[in-house]
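Some notes on the structure that comes next.
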Amino acid sequence: MKLVQRSILAVERERLWDFLMDVPRVARCIPGVEAIEPAGENRYRGVLNVQIGPVRLALGGTVTLEEQDRNGWQAALRAEADDRGAGGGIRARMTARLAPAPTGIELVVETDLAVLGKIGEFGQPLIKKKADGLMQAFAVNVRAALGRAPSSRE
Amino acid sequence: MDARHSHRTRAHAERLTGGESLEQFEGAVLSGVNEGAHFLGLGWVRDAIRRIAGFDPFPGTLNVRLVDRDALPRWRELRRDAGLSLTPPDTHSCGGRLLPALVEGRIPAVVVIPEVTRYEDEVLEVVAPVRLRTVLGLRDGDRVRLEIATRHVVVGKPIPRVEGSEKVTGQARYAADVRLPDLLWGKVVRSPLPHARILRISAEKARALPGVRAILTADDLPPVLVGRRMLDMPLLARDRVRFVGEPVAAVAAETSDVAEEAVALIEVEYEDLPAVFDPLEALTAEAPILHRDAGAYEGAPKERPHPNVQSIQRHREGDPERGLRQAARVFEHTFRTPRAHQGYLEPRASVVRIDEAGRVQVWTCNKTPFRLKEQLARALELPSERIRINPVPIGGDFGGKGFSTDVPLAYHLARATGRPVKMVMGYTEELMAGCPRHPSIITLRTGVDAEGHIVARTARAIFDGGAYAAFKPRPNVDLHGGHQAGGVYRIPHFEAESVCVYTNSVPSGHARSPGEPQMIFAVESHTDMIAHELGIDPADFRRRNLVGDGERLATGHRLERVKARETLEAALEAGDWRAPRRPHVGRGLAMSHRFAGLGDARARLRLETDGTVRLITAIPDTGTGAHTVFRQIVAEVLEVPPDRVVVSVGDTDAFESDAGVGGSRVTRVAGHAVDRAARAMREALARGDRTLPLQTEARFSVNETGTVTSFCAQVAEVEVDPETGCVKVLRMVTAHDAGRVLNPIGHQGQIEGGLLQGLGLAMMEAMGAEDGRISTLSLGDYKLPVTKDAPPLTTVILEDSVGPGPFQAKAIGEMSISPVAAAIANAIFDACGVRLRDLPLTAEQVFFALQSRGGTR
Amino acid sequence: MHAFDYTAPESLASALAELEEAGDEGKVIAGGTALMILMMQRLVRPTRLISLRRLPGLGRIEVVDGGVRIGALATHRDVETSPLIRSRIPVLAETLSRVATLRIRNVATIGGCLAHADPNQDPPVTLLALDARVRIAGRQGERQVALDEFFVDYYQTALRPGEVVVAVDVAFPAPGNASAFHKFLPRTADDYATVAVAATVTLTPEGVCREARIGLGALGPTPLRARDAEAIVIGERLSDRLLAAASEAAIRVVDPIADPRGSAEYKRQMAGVFVRRALRGAWDRASREAA
Amino acid sequence: MTLRIRLSVNGSAREVLIPSSRRLIDFLRDDLGLTGTKEGCGVGVCGACTVLLDGRMISSCLALAAFADGAEVTTVEGLADDERLHPVQQAFIEYGGAQCGICTPGQVVAAKALLDEVPNPTEGEIREWMLGNLCRCTGYYKIIESIQKAAGHARL
């Protein structure tokens, strides 16, 4: 399933870029992410906790920064995580693009998400909705994180 | 059935009020002779009458002397051959014979013929539940009219199902019910990805789980490929997975819970490969290739214009290009149908035990056990004598249960553990990795002349075959759909191309009337659309173009004894085609035809010392009622009461080969085998061969379709809610050119079941998928019709004696499913002017179509 | 299924104690029709299962303070066939009779239905329109929550850890009040609703709407109230224009997801149609009542 | 965890030890060998696993065996009275209510429950009651007819 999240942030492109390339920091903007740690070059290990009512998933896996094109202001990362208890997981490829916008920088995050195994059986439509919600919260948190930073112009 | 029941069956009523097998005799009442009365005094005779005739006999007979001397020779013939034998319980008593009859057209009775009689043979003794002299006020010399059931005393009657009692009491043991000592449970790890390389499988955690007895991956198995015809599928994915749900590893454990847990603990690392899900995209130059060299697979068709083609099938007659050029008008429409599951309620189950002698004992819901044995021999690399498929009833097949499925895995798990292994799929697995009906994209292009005659048609059908062709049994791995592109019409110039395509989706397989509901939906919608464009009533347009006696179908197949027109007219009449309609109500029409199936079958009969006749058939019980029909055939030929015939299914040791169930073959092919075995026995008995047990055996094989087909015409009446688009099917009419109906209960059951499956395909059944992942993974999301969806139904049976089966039977199992969707789609158009070209015909589709047109007309 | 400890305490107090002790690892079960599926799918794996099935008196349906109190353990079928419900709050019996199949209704409990908080279920839709209140018990005692504050998100409620639903209270309809429930089932009769709408309307003797509530099912992350639509009809007389305005207002609050029962856009459109139908249905009944 | 439960199955009292996670259907089929109860969809939709728990029909695939503690369970094996079939069973044989037979145990159990509660149901009542018992072979017509006939028989 494909998800697109757009948000406009009133920061310099460079600053936003540097923030986004700091994977452990940016990952904390996704609600439910815990304990992100490096696991090799451009690779990180971590856990994403997701709750949908009684269903609580602890998706443990890796995030790999696959592409960093600072000239083209585009990056891509790949996330693979599984919940062994349930016997399922997610695969996501996310691309982030930064483009100038009248009131700041537009951050466009495109996610191609696959929900695998038992978790997928729970109901793809609902999971899509949840993932969409997660990405929205992510955008809000990024904005907040940058806003808190001292050099913010907001 | 009473008036409350809007569903009625004309054939039933006709049968009960008399019919062609009743012969008229007239006699004069006389008194004095009372041989029969003595006979009736015997308890076993009374019991037999009760059983056969269904009444308690009045203890006394009415003696009648035939009046018409000309009728005497016929009566003597009947005395000798006809009726049901009354076989005594011991050899000291004398037997006799019963002929069911009606007295004065209303009182059920039997004519009793004791084996030894002293009196003249023109005297009949009639037994009824009442004292006939009193009830009819008869005196000696009075005339009495008798209708005697002569031929087909058993065939054609609504005999209840042979195995009914086991089924209603829960005693019938299906594959999943097989319990063996030391049984382990097997489960499969399935691929979560549609197309990927397998990098690593680690099973340490699973292996460490208490109760786990074996874990197998492709590395533990021989590199064999399996398939019903084309061998393109590994037992477990080797290096690469090609669809979500493909087996990657197998586990055996002490309980199913532990096996399930182990499955979750097995870690498989994959590397994604580009995947393709759309069959049209799969045929482009850039498409990912699923199988590097599919042409090299055993059983693969030679023609392969693109590496992702599973099979391609063409029909060509005349000069379609010229035909289209010369046509007054040309119409082209494209239709789509979705992936659909057979919906049987018994998920596939397999049990394998390797016995002390090293033989592989198999219990599985497979409808073609003898072919399964051959498939297994190759898959397991064993001589076929080492494999024995034990018969079990099958909880619904509808085309889906012909593949070896989990049996090879269960075998390897049994071998690895030294214990028997049971594998039962959950319904989620059925929906994810069963063998659903092929989704299709069908384009029809038809040229019509100025008088409304179809002169030419080209058809292109793309069937999404999924990741493997292994589930298809046809020699060319194709579907039947292509050759039905001409429908029931006379089309001189015709070309059809049907292509099955590899995609990264669950492999498609056969489903009741493979390919045909898809194609008939397209053909019969297209037919209606042309009729409307031409301003001709859809029934008239069909009348103009229906294939006639001695004419050829579009494929060039010549037909005889064609009843297309009669079938159409019967449906129109029963469906009140011309009656006025309320607003938002519409009627639609659709037709189809189908030949009875081909193949080979065997049957063995044993007359046992206790007088029972045991039929041993190779045909498993899939619920169609085949065994009951076989019982009737044997009873008819041998003139014994049907309950004297015991039907049992032989395991695969019992015969050399048999084509099994499928393709509307059973009554025609296996029925003939049974008929031949019974006739052989009758001849043996006639020769005076009385050494019991007496055994006969017969084989029947047919490879030519022949010139007789069966037609079906249906009328649907629907009501559309213009605010929601919701379609309610108000009633259905289904008319069948049925040949001779051997068992009206079973025959009607096939019609009704097929019709409701057709309604499911028309209205709701569609497997959703996103990126190759089936999204309707339970029967809560994938809906099958329920009691309230069965519309009021009128069935019209046109019976006659022209079928290719025994007693002139035709095929029925795959007849009623195919026209339903088109009949309903055409009715929706008639009701609200909306033309739907994609199945299912959802309320949502109708709603948005109405919206875009700005309301109903 | 995974292994777990199972207890069936015989008093509410001990059930609550056990639940508290189990903490995150515990789950209560009543009818089990929803939880069993989640457990079989391995998506919920409690190590302690506390059955409420033996709790005495929790299945009663009784008159309390001008209304009816339905015990959490009352099954759908109990409510559907209760003479009290049938005579006093017929729309509730009607709603329950449309849920799934008899086998499920024989087992699934009202408390379980509310606690499961599946936005596709039918009873909350009507209970919202009836302004029901949920009674909740915890170790600290009982509390009441209005139903429209009870549902929080998909499958999520205002229940705090350690709490269970013990009853739902529904007031008897006032004079001039009537309700209607519409479940749109374009596929099969045992399906979840594509959309479900319940409306309740109280009319003055002159036919003016004094009070109205609209519940929506399968149209968002929780069962919803269409408050704007309610406000539009209050103080008005029935007309096509009024119904059209109300249904447009209702469409604005829905946020359905696409599933095999329909696309999001179709569900939105159907929300409009069925708000209209339910309002009209309730209105017609209420006017008959008033007449 | 192992539980001790007491229950009656088809009239005979039993006291058994079961794992607490045992489903009722597995208990009946695998522990007691009562394989007449079938598992179809596994999610309570199809009705193949219908049994009666204290006279009420339920999906045994969605019930824990523990739920049957202290209760009376009736399965298809318990419908016939000695050798005499229940009228519903008899009618299903005679009127073609059974074809492949996999849904049949659930159908006859559900139909028995119906006739116990509504001895003389209308066709509409039959369709409503049997809504949750899927059949893929018959198209339901002959099931409905069988139940009507059984009701008629029961009246005699």
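The values are calculated or read from the model by the stated rules, or taken from the named source; none is laboratory data. Quantities reported herein were computed from a predicted structural model and do not represent experimental measurements. Glycine also receives a Cβ, built like all others from the backbone with ideal geometry; neighbour counts cover every protein chain displayed. Surface areas here come from the heavy atoms of the whole protein model, side chains and all, with no ligands, DNA or RNA. Shrake-Rupley method; radii C 1.70, N 1.55, O 1.52, S 1.80 Å.
Tabulated data for the structure shown
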item	result
Any hit, the range D:106-119, residues being out of contact with any Asp or Glu (no Cβ under 7 Å at 6 or more places or on another chain), closer than 20 Å to residue B:760 by Cβ, buried (at least 24 other Cβ atoms within 10 Å of the Cβ) and modelled with pLDDT of 95 or more	yes
Any chance residue B:415 is under 20 Å from residue B:259 (Cα atoms) and in a loop (DSSP other than H, G, I, E, B)	no
Single residue of B:208, B:196, B:237 found to be crowded, with 18+ Cβ neighbours inside 10 Å, farther than 30 Å from residue D:108 by Cβ and more than 13 Å from every other protein chain (Cβ to nearest Cβ)	B:237
Residue within the range B:431-440 that is assigned to a strand (DSSP E or B) and open to solvent by 20 Å² or more (accessible area, probe 1.4 Å) present	no
Test for residue D:83: is it at the interface with another protein chain (Cβ under 7 Å from one of its Cβ atoms), farther than 21 Å from residue B:395 by Cβ and open to solvent by 40 Å² or more (accessible area, probe 1.4 Å)	no
Residue check for residue B:823: open to solvent by 10 Å² or more (accessible area, probe 1.4 Å) and over 22 Å from residue B:560 (Cα atoms)	no
Residue check for residue D:71: buried (at least 23 other Cβ atoms within 10 Å of the Cβ) and at pLDDT 95 or above	no
Subset tally (residues that are part of a helix (DSSP H, G or I), of a type in the set (Val, Ile, Thr) and out of contact with any helix residue (DSSP H, G or I) (no Cβ under 6 Å at 6 or more places or on another chain)) for the range B:147-205	1
Sole residue being under 22 Å from the mean Cα position of the chain (by Cα), within 12 Å of chain B (Cβ to nearest Cβ), open to solvent by 10 Å² or more (accessible area, probe 1.4 Å) and free of Cβ contacts under 8 Å to residues at least 40 places away in the same chain, chosen from C:227, C:276	C:276
Considering residues of the range C:185-208 that are in a strand (DSSP E or B) and buried (at least 24 other Cβ atoms within 10 Å of the Cβ) only, the residue farthest from the other protein chains (Cβ to nearest Cβ)	C:203
Enumerated strands (runs of 3 or more DSSP E) restricted to the range C:128-174, each holding at least 3 residues that are within 17 Å of residue C:224 (Cβ to Cβ)	C:151-153
Residues (surrounded by fewer than 23 Cβ atoms within 10 Å (Cβ to Cβ), part of a loop (DSSP other than H, G, I, E, B) and either away from chain D (no Cβ under 11 Å) or among the aromatic types (Phe, Trp, Tyr) (or both)) located in the range B:777-814	B:800, B:801, B:802
Test: residue D:62 is within 13 Å of chain B (Cβ to nearest Cβ), over 10 Å from the mean Cα position of the chain (by Cα) and either among the aromatic types (Phe, Trp, Tyr) or surrounded by fewer than 24 Cβ atoms within 10 Å (Cβ to Cβ) (or both)	no
Strands (runs of 3 or more DSSP E) completely within the range B:304-354 that count 2 or more residues being within 22 Å of residue B:440 (Cβ to Cβ)	B:309-317, B:329-337
Which listed residue, of B:161, B:242, is more than 14 Å from chain D (Cβ to nearest Cβ), basic (Lys, Arg) and surrounded by 23 or more Cβ atoms within 10 Å (Cβ to Cβ)	B:242
Identity of the residue in the range B:245-299, β-branched (Val, Ile, Thr) and outside any loop (DSSP other than H, G, I, E, B), that ends up surrounded by the most Cβ atoms within 10 Å (Cβ to Cβ)	B:251
Residues of the range D:7-39 classified as assigned to a strand (DSSP E or B) and surrounded by 24 or more Cβ atoms within 10 Å (Cβ to Cβ), total	1
Enumeration of residues in the range B:616-644 that are closer than 18 Å to residue B:164 by Cα and of a type in the set (D, E, K, R)	B:621, B:631, B:643, B:644
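So that you can scan it fast, the table gives a plain yes or no per residue for (1) within 26 Å of residue C:189 (Cβ to Cβ); (2) within 13 Å of chain B (Cβ to nearest Cβ); (3) of a type in the set (D, E, K, R):
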{"residue": "D:11", "(1), (2), (3)": "no, no, no"}
{"residue": "D:30", "(1), (2), (3)": "no, yes, yes"}
{"residue": "D:37", "(1), (2), (3)": "yes, yes, no"}
{"residue": "D:50", "(1), (2), (3)": "yes, yes, no"}
{"residue": "D:66", "(1), (2), (3)": "no, no, no"}
